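The values are calculated or read from the model by the stated rules, or taken from the named source; none is laboratory data. Keep in mind that this is a model prediction, so the values were computed, not measured. Positions of Cβ are generated from backbone atoms using ideal geometry, with glycine treated the same way; all protein chains shown enter the neighbour counts. Note: accessible area is taken over every heavy atom of the protein model, side chains too, but ligands, DNA and RNA are not part of it. Shrake-Rupley method; radii C 1.70, N 1.55, O 1.52, S 1.80 Å.
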Amino acid sequence: MKPVDPVDEEAARLYRAKIWGGAERTLWRASADGTAGAALRGLADWTESAGHGDEPLDTYGNGVVELLEQRVATALGMPSAVFFPTGTMAQQVALRCWAGRTGNPVVALHPLAHPEVHEDGALGAVSGLRTVHPTGAPRLPTAEEVRDHPEPFGTLMLELPLRDAGFVLPTWEELASVVAAARERDAVVHFDGARLWECPTRFGRPLAEVAGLADSVYVSFYKSLGGMSGAALAGPEDVMAEARVWRHRYGGEVFQQYPAVLSALRGLAVELPRLPSYVAHARVVADALREAFEEAGTGWFRIHPEPPHTHQFQVWLPYPPEVLTAASLALTEDTGTALFRRWSAPGAGGPPGVSCTEVTVAAEGLEWSAGDVRTAARAFLARVAGKP
């Protein structure tokens, strides 16, 4: 097999970003879409209109950083919150703090959880922690699996939703029973809540009640809320005080962070109240895609989960990823409409000949009717077949 030229791959990435970022119509705008000038002008306009224009610049975590921390703690119903430049750092700090308190460095989590898949073994390499897996099924563990796991663990980490399994969530009753099972084992519970913001719709509970099941919660500001970057860790006062110490040790006490913090404040004010409408409309979009695939005689396909648990879900089709990605690009180039973006093959051991993409429904997606989705899906499938 001819090796991929990294220069060509970078050119291809920039080309995809230009095409999809410039789409006239899309289900969502990725936070990386657009240009630096437009993004900064938009943030400056919101900053002035929201009354933050005269805020002094932050230094080493004061000022607007503290304001954001207070608002996050209030939203999550937690005693305290700490801002971090990345979610990876926030979670490593949280889990090592809990390991020190429980005396047990073992973390129980899903094998598809972010630390296992996307952090290059950081929990072990940096923090000396070890992980175990109560289940390998593509869902969160059950109470029985947590209760019956043969090895002691100090912390149970639950990713809500479990992104790499399809943004899946348990029911509220299942989640409460899993947390209770961990507590029966004297383990603390930490939520990887990068996308916790959109979970209340599925659970039928307010955000603070969902977060209140856990001992600590991490949330992201660029996932769901459209911020530039950054994350927060929330929990008890004493744990957060220690987290601030570790934030400094990890190099996360950045001199100034006001652009990222202001974009996070904007996300809390503007995007957070809209998320329930995005979740509801994702179900409309998913239904319309299923109808379009059935009408077209696509054969095997999957919308997962169905109905979606959040405003994000997976679509699976029986074609190679390069064919589907090319069709996605062609649809946008020809019509200005972005229905799907990049497609990927399944992971190791997955069935050959099928591909998956993630669909997100946000503000711009609310303008799409079910008929609009079916029309775009038919046009996409025509390009898959080479018949634009």
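For this structure, a couple of remarks:
- Verdict on residue 105 being at pLDDT 95 or above and loosely packed, with under 14 Cβ neighbours inside 10 Å: no
- Residues in region 294-304 that are in contact with a helix residue (DSSP H, G or I) (Cβ under 9 Å, 6 or more places away or on another chain) and not β-branched (Val, Ile, Thr) were compared, and the one that is least open to solvent (accessible area, probe 1.4 Å) is 301.
- Hey, residue 127 open to solvent by 40 Å² or more (accessible area, probe 1.4 Å) and closer than 24 Å to residue 234 by Cβ or not: no
- Criterion: open to solvent by 20 Å² or more (accessible area, probe 1.4 Å) and at pLDDT 95 or above - qualifying residue of 338, 370, 348, 327: 370
- Looking across region 110-153, just one residue is modelled with pLDDT under 95 and among the hydroxyl-bearing types (Ser, Thr, Tyr), and that is 127.
- Condition met for residue 273 (at pLDDT 95 or above, open to solvent by 50 Å² or more (accessible area, probe 1.4 Å) and within 25 Å of residue 366 (Cα to Cα)): yes
- Search result, residues across region 289-304 that are in a strand (DSSP E or B) and in contact with a Lys or Arg (Cβ under 8 Å, 6 or more places away or on another chain): 303
- The set of residues in region 334-345 being of a type outside the set (Ser, Thr, Tyr), within 23 Å of residue 195 (Cβ to Cβ) and either over 19 Å from the mean Cα position of the chain (by Cα) or not in a loop (DSSP other than H, G, I, E, B) (or both) consists of 338, 339.
- Hits in region 215-229 - residues which are open to solvent by 10 Å² or more (accessible area, probe 1.4 Å) and either basic (Lys, Arg) or more than 17 Å from the chain's Cα centre (by Cα) (or both): 215, 223
- If you go through region 357-388 and pick out every residue that is charged (D, E, K, R) and closer than 16 Å to residue 314 by Cα, you end up with 1.
- Residues of region 74-88 that turn out to be in contact (Cβ under 8 Å) with a residue 24 or more places away in the chain and open to solvent by 10 Å² or more (accessible area, probe 1.4 Å), as a count: 9
- Region 31-45, residues that are touching a residue at least 12 places away in the same chain (Cβ under 8 Å) and open to solvent by less than 40 Å² (accessible area, probe 1.4 Å): 33, 43
- Residue within region 189-197 that is more than 22 Å from residue 308 (Cβ to Cβ) and buried (at least 21 other Cβ atoms within 10 Å of the Cβ) present: yes
- Index of the failed condition, residue 156 passing every other in (1) at pLDDT 95 or above; (2) within 24 Å of residue 346 (Cα to Cα); (3) buried (at least 17 other Cβ atoms within 10 Å of the Cβ): (2)
- Scanning region 374-388 for residues that are surrounded by 15 or more Cβ atoms within 10 Å (Cβ to Cβ), more than 15 Å from residue 24 (Cα to Cα) and not basic (Lys, Arg) turns up 375, 377, 379, 380, 381, 382, 384.
- Cβ-Cβ contacts under 9 Å between residues 6 or more apart (or on different chains), taken from a first residue in region 232-249 that is touching a residue at least 12 places away in the same chain (Cβ under 8 Å) to a second residue that is open to solvent by 50 Å² or more (accessible area, probe 1.4 Å) and charged (D, E, K, R), are listed as 239/101; 242/101; 244/253; 246/96; 247/253.
- In region 254-288, the residues that are part of a helix (DSSP H, G or I) and of a type in the set (Val, Ile, Thr): 261, 270, 279, 284, 285
- If you go through region 351-362 and keep only what is open to solvent by 10 Å² or more (accessible area, probe 1.4 Å) and either under 22 Å from the mean Cα position of the chain (by Cα) or aromatic (Phe, Trp, Tyr) (or both), you end up with 356, 358, 360, 362.
- Looking across region 230-253, the residues that are part of a helix (DSSP H, G or I) and either open to solvent by 10 Å² or more (accessible area, probe 1.4 Å) or among the charged types (D, E, K, R) (or both) come down to 237, 238, 241, 242, 244, 245, 246, 247, 248, 249.
- Test set (1) without any contact (Cβ under 8 Å) to a residue 24 or more places away in the chain; (2) touching a Lys or Arg at 6+ places or on another chain (Cβ under 7 Å) - residue 327 fails condition number: (1)
- Looking across region 46-72 at every residue that is touching a helix residue (DSSP H, G or I) at 6+ places or on another chain (Cβ under 8 Å), within 16 Å of residue 230 (Cβ to Cβ) and of a type in the set (D, E, K, R), the one that is surrounded by the most Cβ atoms within 10 Å (Cβ to Cβ) is identified as 58.
- Residues of region 130-153 satisfying the condition of being under 26 Å from residue 207 (Cα atoms), of a type in the set (Gly, Ala, Ser) and open to solvent by 50 Å² or more (accessible area, probe 1.4 Å): none
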